[in-house]
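Asks: Sharing a structure, written as structure tokens. Questions coming.
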Amino acid sequence: MKLTKPDRGWAWAVLGASFGAMVVNGCLGQGIGVVHLALLENFNEDNMRTSLAGSLFAATQSCGGVFAGLVLKKYSCRVATIAGSLVMTAGFVCCAFLDSLDLVILVYGGIVGIGAGLTYTTSIIVIGFNFEEKLNLASGVALSGIGMGVLGLSPVIQEMREIFGNKGFFFIMAGISAHLCIFGTLYFPSQIEKMKTATEILDTDDDIHSDLIRTTIVDDEDVAICSDWTMTKESPQSASNIPACFNKGHQSRNSICKSKSSVTPITNIFRNTPLVMLCFSLFFAQFGIYIMFLNLPNYAVLTGAAPLQGAFLISISGICSMAARILTGLATSGNEVDVALMLFGTVSVMGISTMCFPLYGHCYEGQVLYALFLGLYSGSCFPLLNGLSLRLVGLRHLATAVSIEMFSVGLGILSGPPCAGLLIDSGGTYDQCFVITGFIMLVGALFAMASELFRTRRGSSEISQDTIMARPDMKTSTSING
């Protein structure tokens with residue numbers, strides 16, 4: 001099979017497929033409110049217990065990225081997306097027949113959430129496997145599909161619930177999930193993805209050999225990873241280290257020279273200090289952002305707005321988020337704006353605007369202004385993940401790094417709203433909650449800056465063993481290990 005070339009040809013079809021997958025994930029993610037209403041009517045349980053299903057789904061959708069990393073290590077983006085789609089479809093069908101809320105929480109929140117995590121995380125990673133020079137722009141365009149799904153499909157699924165009832169509605173959700181199989185089939189293997197698979201075979205523990213790795217494009221079509229291995233009479237033991245060449249399909253053209261098979265454990269990723277700092281940044285940022293998403297509509301109602309006006313605030317955020325993801329990609333598509341600086345700036349603005357919200361948020365106009373901030377800056381970090389991860393761990397561990405980062409996002413989503421609810425139930429006010437939330441977001445911004453400082457300091461003294469000495473135009477394949 002002909003491999004997809006970076007930034008060219010079929011890579012743009014992959015971008016379209018990733019955008020479509022994000023539209024579906026955005027619809028299903030925002031659809032937790034509709035599912036919540038359906039479960040309330042079906043089981044007549046209290047609101048807090050019923051909400052566990054939607055909360056667990058949202059958290060598992062992000063934390064499920066860990067499963068995506070494991071699948072991608074053994075298979076491919078195509079397999080991960082199709083498998084996730086089938087798991088989601090089967091889960092929704094099961095929910096239509098379950099008579100126990102506990103089982104629905106387990107199936108919808110757990111199983112369907114894991115499937116969503118597979119498709120969502122893989123749709124981010126596949127952009128990193130198909131783009132180099134336009135990586136950030138492509139990531140922004142793909143992730144803007146989340147906003148499109150909120151605006152376009154969320155009203156549709158609500159209408160479907162009213163037409164087909166609460167049980168038939170789950171079959172509609174299953175049908176929407178099945179569309180992800182179509183998008184997954186378009187994730188053709190790329191030169192970068194094959195290169196990443198080949199480099200995982202190479203033994204980079206040997207410093208002498210790892211410095212000799214280079215990439216070569218064969219017939220401008222397929223990728224071969226080779227090394228300049230030297231043998232001398234003085235070092236006869238080196239004969240045992242000569243890589244065994246193998247191929248897939250075209251032995252005359254695609255030979256991959258390999259050394260001893262060695263797969264770096266996931267625990268080694270946590271020794272990368274800049275990556276750990278980045279994960280803390282994402283955790284604290286999403287911890288605060290989802291507190292605001294959850295409480296902003298209710299706060300608007302408490303201050304005199306109509307329920308429809310409160311819901312409209314989230315719609316404003318969705319529109320702004322869609323535009324912001326594209327603009328973030330455009331701003332960082334060249335070398336003029338650093339991705340780490342962009343992350344620090346967006347999270348900082350989000351934190352400051354949240355801390356100051358009690359000063360201007362008591363009127364509906366001020367709440368609309370905050371909804372603009374929330375949309376423009378809350379989702380801007382996601383288009384930057386591929387670029388940041390490549391700089392920190394290189395191409396070889398891109399999938400693992402993004403999976404860990406999405407797991408951090410999921411932990412923030414899962415823990416933030418309950419902590420805010422505990423504060424308010426304990427006698428705290430919404431204003432106090434907003435100030436603390438803004439401070440937590442600023443802590444996330446500081447961790448983002450700390451990640452860049454650690455990366456820069458380490459980068460001045462050593463080059464990552466995972467660095468791929470690629471052809472001159474492969475800028476994003478070079479990384480500095482923290």
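The values are calculated or read from the model by the stated rules, or taken from the named source; none is laboratory data. All values derive from a computational prediction rather than experimental measurement. Cβ coordinates were reconstructed from backbone atoms using ideal geometry, including for glycine residues, and neighbour counts include every protein chain displayed. Note: areas computed on protein heavy atoms with side chains; ligands, DNA, RNA excluded. Shrake-Rupley method; radii C 1.70, N 1.55, O 1.52, S 1.80 Å.
For every residue, the table says whether it meets (1) within 23 Å of Phe287 (Cβ to Cβ); (2) open to solvent by 20 Å² or more (accessible area, probe 1.4 Å); (3) of a type outside the set (A, V, I, L, M); (4) modelled with pLDDT of 75 or more.
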{"site": "Lys2", "(1), (2), (3), (4)": "no, yes, yes, no"}
{"site": "Asp7", "(1), (2), (3), (4)": "no, yes, yes, yes"}
{"site": "Val24", "(1), (2), (3), (4)": "no, no, no, yes"}
{"site": "Glu45", "(1), (2), (3), (4)": "no, yes, yes, yes"}
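Asks: Got a number for residues in region 89-112 being under 30 Å from Leu388 (Cβ atoms) and touching a Gly at 6+ places or on another chain (Cβ under 6 Å)?
Replies: The total comes to 1.
Asks: (1) surrounded by fewer than 24 Cβ atoms within 10 Å (Cβ to Cβ); (2) at pLDDT below 85: which one isn't true of Gly175, the others all being true?
Replies: (2)
Asks: Being farther than 14 Å from Gln367 by Cα, part of a helix (DSSP H, G or I) and either of a type in the set (Asp, Glu) or open to solvent by less than 50 Å² (accessible area, probe 1.4 Å) (or both) is the filter here; which residues of region 298-333 pass it? Write out each step before concluding.
Replies: To start, the set of residues in region 298-333 that are farther than 14 Å from Gln367 by Cα comprises 318-333.
Checking which are part of a helix (DSSP H, G or I) leaves us with 318-331.
Result: Gly318, Cys320, Ser321, Met322, Ala323, Ala324, Arg325, Thr328, Gly329, Ala331.
Asks: When residues of region 178-193 are filtered for being open to solvent by less than 50 Å² (accessible area, probe 1.4 Å) and either assigned to a loop (DSSP other than H, G, I, E, B) or free of Cβ contacts under 8 Å to residues at least 24 places away in the same chain (or both), how many remain?
Replies: Count: 2.
Asks: Kindly indicate whether Leu376 is farther than 20 Å from Cys433 by Cβ, of a type in the set (A, V, I, L, M, F, W, C), crowded, with 18+ Cβ neighbours inside 10 Å and under 16 Å from the mean Cα position of the chain (by Cα). So that I can check it myself, show each step before the final result.
Replies: On the way: farther than 20 Å from Cys433 by Cβ: yes; of a type in the set (A, V, I, L, M, F, W, C): yes; crowded, with 18+ Cβ neighbours inside 10 Å: yes; under 16 Å from the mean Cα position of the chain (by Cα): no.
When the stated conditions are applied, Leu376 does not pass them.
Asks: Counting only residues that are under 19 Å from Glu452 (Cα atoms) and out of contact with any Ser or Thr (no Cβ under 8 Å at 6 or more places or on another chain), which one in region 389-410 is surrounded by the fewest Cβ atoms within 10 Å (Cβ to Cβ)?
Replies: Taking the candidates together, the pick is Ser408.
Asks: If Val66 satisfies every condition in (1) under 23 Å from Ile176 (Cα atoms); (2) touching a Gly at 6+ places or on another chain (Cβ under 9 Å) but one, which is the exception?
Replies: (1)
Asks: For Ile413, work out the one condition from (1) open to solvent by 30 Å² or more (accessible area, probe 1.4 Å); (2) in contact with a helix residue (DSSP H, G or I) (Cβ under 6 Å, 6 or more places away or on another chain); (3) under 22 Å from Gly109 (Cα atoms) it doesn't fulfil.
Replies: Single failed check for Ile413: (1).
For (1) assigned to a helix (DSSP H, G or I); (2) at positive phi; (3) touching a residue at least 40 places away in the same chain (Cβ under 8 Å); (4) not basic (Lys, Arg), each residue gets a yes or a no:
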{"site": "Asp7", "(1), (2), (3), (4)": "no, yes, yes, yes"}
{"site": "Glu45", "(1), (2), (3), (4)": "no, no, yes, yes"}
{"site": "Gln61", "(1), (2), (3), (4)": "yes, no, yes, yes"}
{"site": "Lys73", "(1), (2), (3), (4)": "yes, no, yes, no"}
{"site": "Cys94", "(1), (2), (3), (4)": "yes, no, no, yes"}
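Matching residues to (1) crowded, with 21+ Cβ neighbours inside 10 Å; (2) farther than 17 Å from Glu193 by Cα; (3) of a type outside the set (D, E, K, R); (4) at pLDDT 85 or above:
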position	(1), (2), (3), (4)
Ser62	yes, yes, yes, no
Leu70	no, no, yes, no
Lys74	no, no, no, no
Ala90	no, yes, yes, yes
Leu98	no, yes, yes, yes
Gly113	yes, yes, yes, yes
Leu135	yes, no, yes, no
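Asks: Further question on the same structure: Just one of the numbered conditions (1) surrounded by 19 or more Cβ atoms within 10 Å (Cβ to Cβ); (2) of a type outside the set (Gly, Ala, Ser); (3) at pLDDT 80 or above; (4) touching a Gly at 6+ places or on another chain (Cβ under 6 Å) is not true of Tyr360; which one?
Replies: (1)
Asks: Working carefully through the options Met469, Met449, Met474, find the one that is modelled with pLDDT under 60, of a type in the set (A, V, I, L, M, F, W, C) and open to solvent by 30 Å² or more (accessible area, probe 1.4 Å).
Replies: Numbers: Met449 fails: modelled with pLDDT under 60; Met474 fails: open to solvent by 30 Å² or more (accessible area, probe 1.4 Å).
Sole residue among the options that is modelled with pLDDT under 60, of a type in the set (A, V, I, L, M, F, W, C) and open to solvent by 30 Å² or more (accessible area, probe 1.4 Å): Met469.
Asks: Follow-up. Using beta carbons and a limit of 8 Å, which pairs, at least six apart or on different chains, have the first residue in region 136-152 and closer than 14 Å to Ser380 by Cβ and the second one open to solvent by 30 Å² or more (accessible area, probe 1.4 Å) and not in a helix (DSSP H, G or I)?
Replies: Asn136/Ser333; Leu137/Ser333
Asks: Let me ask something else about it. Given the condition touching a helix residue (DSSP H, G or I) at 6+ places or on another chain (Cβ under 6 Å) and closer than 22 Å to Phe169 by Cβ, answer yes or no: does some residue in region 62-73 qualify?
Replies: Among the residues of region 62-73, not one is touching a helix residue (DSSP H, G or I) at 6+ places or on another chain (Cβ under 6 Å) and closer than 22 Å to Phe169 by Cβ, which makes the answer no.
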